[in-house]
Amino acid sequence: MRMIRTRVVFILTLAAASAARGQGGAPAAPRAVPILVRDVTLIDGTGAPPRAHMDMLIDRGRIAAIAPAAAGPAADSVIDGRGLYAIPGLIDAHVHLGTDPWAQRAADLERALQGGVTSVFDLAGDARATGDLQRAVLAGQLAGPHVYYVALFGGPRFFTDPRTVDASRGFAPGAAPWMQAVTDTTDVRQAIAVARGTGATGIKLYAALDSLEDARLTAEAHRQGLRVIAHATTFPGRPGDLVAAGADMLAHAPYLVWQGSPRSDDYQGRARGDFAHVAADSPAITGLLRAMAARGVALNPTLWIFANELPRDSVSRLRTPWMYAVTREAQRLGVRIVAGTDEMIAPERDSLPILHDELEVLVRGAGLTPLQAITAGTANAAWAIGVDSLRGTLAVGKAADLVLLGGDPAADIRNTRAIRLVMQDGRVVRPR
């Protein structure tokens with residue numbers, strides 16, 4: 001009974017915090033004088049060509065007006081944008097904030113924000129810790145990206161994984177509100193409601209789930225207003241099962257290979273598919289990608305981490321070109337590409353967030369144009385989280401999340417690193 005009471009209090013506390021956030025997690029509008037970004041080249045995140053010599057008025061945390069520089073409105077506070085390029089605040093739609101000590105996570109989030117990432121989507125972790133970080137950012141106690149997160153679902157076999165044990169301390173494996181084991185007797189309606197009560201904006205389907213379980217969880221999550229993110233294969237569920245179920249986004253491009261392979265329940269081998277015999281342009285894979293495009297299922301490729309962080313062996317030598325090719329084909333066929341890193345930041349390697357590397361790999365490896373990569377890391381990422389009505393593009397009425405760059409990222413994607421200023425909800429967090 002003590003555990004049940006603790007669980008209920010925790011859920012009600014996070015639900016109240018979630019309700020207080022309002023639409024898209026927007027904090028109360030800051031009390032500040034309007035700011036005019038004068039004569040900047042605007043790259044709005046929609047994929048549209050850059051617009052030179054534009055003025056953008058920021059008022060009460062939102063974009064109040066966008067107009068040609070010659071006719072732009074006046075303001076008491078002016079940021080000179082001449083020679084600079086404005087893009088939406090970057091969004092890393094696949095991070096894991098983990099359970100490191102608070103000081104470490106706070107420092108990582110601050111580095112991410114200073115590096116142009118104004119929102120992140122945590123795709124499974126300890127919702128107690130993640131929720132604390134989210135509220136600290138909203139309250140202004142912590143400088144960091146806005147934090148959104150999911151609750152995880154998997155089959156009972158998955159909850160022997162040390163990561164799930166670590167993220168669920170105090171609960172029996174598979175019994176935490178944010179990390180639940182599912183069987184054919186699970187009351188899915190109640191399970192999703194409990195997950196929603198943690199403050200999650202979506203659920204993640206991970207492993208040891210079959211096609212029926214994928215479909216039941218997806219339908220109920222959508223009924224309760226949550227996004228559905230899934231590992232591209234849930235073992236034995238295959239990518240096509242998740243597309244048929246209506247998942248919103250599939251994570252990890254290499255896992256799409258399992259659409260052309262026999263069903264398997266070995267989720268431990270998820271990154272070691274048969275890349276030698278299932279071509280990225282085979283009928284099984286192109287049929288899958290066409291179905292994803294038709295049903296609006298996005299792809300979160302996470303290319304950088306597979307190319308740089310996993311062991312380099314005979315499998316990786318086949319996997320890397322395969323995942324580049326399948327991401328290129330997905331873009332060509334109209335699948336929405338969403339940028340995410342699966343890591344966020346590695347300060348010992350680079351002071352800037354890994355999302356800059358991911359955008360570069362999308363261009364140089366997968367063949368996206370720089371504007372397509374920027375859209376993947378802004379508008380499409382906001383859509384994946386479900387906050388695209390507020391964030392992700394530079395448009396009148398949207399939150400004033402933006403990055404001013406010293407070079408044209410539409411000409412060279414590496415110019416996303418040339419950061420001159422970062423603004424989040426109309427507040428300058430990294431001045432020139």
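Fully extending the segment from residue 223 to residue 332, taken as 0.36 nm per residue of separation minus the present Cα-Cα distance, adds 36.1 nm. Restricting the calculation to alpha carbons of the stretch 75-128 gives Rg and Dmax of 15.4, 44 angstrom. Take every pair of alpha-carbon atoms less than 8 Å apart whose residues are at least six positions apart; their mean separation over the length of the chain yields a relative contact order of 19 percent.
Restricting the GluC sites (Glu not before Pro) of the stretch 342-386 to loop positions (DSSP other than H, G, I, E, B) with no more than 11 neighbouring Cβ atoms within 10 Å leaves 348.
Figure legend: label point modelled 7 angstrom from the Cα of residue 100 along Cα→Cβ; residues of the stretch 146-164 with amide N under 20 Å from it are 146-150, 162-164.
Taking the fewest neighbouring Cβ atoms within 10 Å as the starting point, the ordered list for 428, 396 is 396, 428.
The label-point distance for residue 364 and residue 282, in a model that sets each label 7 Å from Cα toward Cβ, rounds to 3.0 nm. The DSSP beta bridges internal to the chain are antiparallel in roughly 45% of cases.
In this Cβ point-charge picture (+1 for Lys and Arg, -1 for Asp and Glu), the stretch 59-164 has a dipole of about 160 debye about its Cα centre. Helix 283-295 and the longest principal axis of the C-alpha atoms of the chain enclose an angle of approximately 60°. The eigenvalues of the Cα gyration tensor, multiplied by 5 and square-rooted, give the chain an equivalent ellipsoid with semi-axes of 35, 27, 18 Å from largest to smallest. The length gained by stretching the chain between residue 411 and residue 82 to full extension, at 0.36 nm per residue less their Cα-Cα distance, is 116.7 nm.
Ranking of 185, 378, 164 by neighbouring Cβ atoms within 10 Å, starting from the fewest: 185, 164, 378.
A Förster distance of 45 Å, applied to the separation of the beta-carbon atoms of residue 348 and residue 70, puts the FRET efficiency at 0.40. Dipole check for the stretch 90-391: with +1 at the C-beta of Lys and Arg, -1 at the C-beta of Asp and Glu, and the Cα centre as origin, the magnitude is about 500 Debye. Across all directions, the shadow cast by the convex hull of the stretch 249-349 built on its C-alpha atoms averages 6.7 square nanometres.
Taken together, the values in this text are just the output of simple stated rules run on the coordinates, not laboratory data. Small disclaimer: the values here were computed from a predicted structure and weren't measured. As a convention, Cβ positions derive from the backbone with ideal geometry for all residues, glycine included, and neighbour counts pool all protein chains shown.
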